[in-house]
1. Looking at region 54-75, can you tell me whether even one residue there is surrounded by 13 or more Cβ atoms within 10 Å (Cβ to Cβ), among the small types (Gly, Ala, Ser), out of contact with any Asp or Glu (no Cβ under 7 Å at 6 or more places or on another chain) and closer than 18 Å to Gly117 by Cβ?
2. Of the conditions (1) over 13 Å from Tyr15 (Cα atoms); (2) modelled with pLDDT of 95 or more; (3) of a type outside the set (S, T, N, Q), Arg115 clears all except one; give me its number.
3. What's the total number of residues in region 83-110 that are within 12 Å of the chain's Cα centre (by Cα) and either of a type outside the set (D, E, K, R) or within 16 Å of Val34 (Cα to Cα) (or both)?
4. Quick one: which strands (runs of 3 or more DSSP E) sit completely within region 21-117 and have at least 3 residues that are within 19 Å of Lys7 (Cα to Cα)?
5. Would you check which residues across region 26-45 are among the small types (Gly, Ala, Ser) and within 18 Å of Val102 (Cβ to Cβ) and list them?
6. When the residues of region 1-57 are filtered to those that are under 9 Å from the mean Cα position of the chain (by Cα) and free of Cβ contacts under 8 Å to residues at least 24 places away in the same chain, which remaining residue is nearest to Tyr69 (Cα to Cα)?
7. So which residues in region 1-27 are buried (at least 16 other Cβ atoms within 10 Å of the Cβ) and more than 18 Å from Asp92 (Cβ to Cβ), if there are any at all?
Amino acid sequence: MALPVIKTAFPKRRYQFGEFLLVILGEIESGDNVPYHFLLGVIPDGANTPELFISAEKCPHSQAKADVYQMRIIADQISQTLNQSERWYHLDEFVDDALTVVAKLLNLVDEEPVRLG
């Protein structure tokens, strides 16, 4: 699996979390035919593009109801589905859960995310 191909998206929020900039995108048009609802991109200090994403995607109809979303971790060679929930339709709930995932993945136990702007 490769990183998401984003044709267009609108930034919804930004956070500084330790040495990482986090950008939450919505209204996403992808070039990889994945129905992204939200993407949280993790950009390390000194980098220009995200190296890790947490996604909220509409679940395929064969797996769940239309209003259920799956959360995935996406990196260059990794794609792992974490869970499914109706919560991730809402930006606040997605951000809360995605920030928890990022904290665990990047071992940011002593850091607090700071919302920018």
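The values are calculated or read from the model by the stated rules, or taken from the named source; none is laboratory data. Just so we're clear, the structure is a prediction, and the values are computed from it rather than from any experiment. Here the Cβ is made from the backbone with ideal geometry for all residues, glycine too, and neighbour counts use every protein chain on show.
1. No, region 54-75 contains no residue that is surrounded by 13 or more Cβ atoms within 10 Å (Cβ to Cβ), among the small types (Gly, Ala, Ser), out of contact with any Asp or Glu (no Cβ under 7 Å at 6 or more places or on another chain) and closer than 18 Å to Gly117 by Cβ.
2. Every listed condition holds for Arg115 apart from (1).
3. Total satisfying the criteria: 9.
4. Answer list for region 21-117: 36-44, 52-58.
5. Correct list: Gly26, Gly41.
6. Taking the candidates together, the pick is Leu25.
7. Across region 1-27, the qualifying residues are Leu3, Pro4, Ile6, Ala9, Gly18, Phe20, Leu21.
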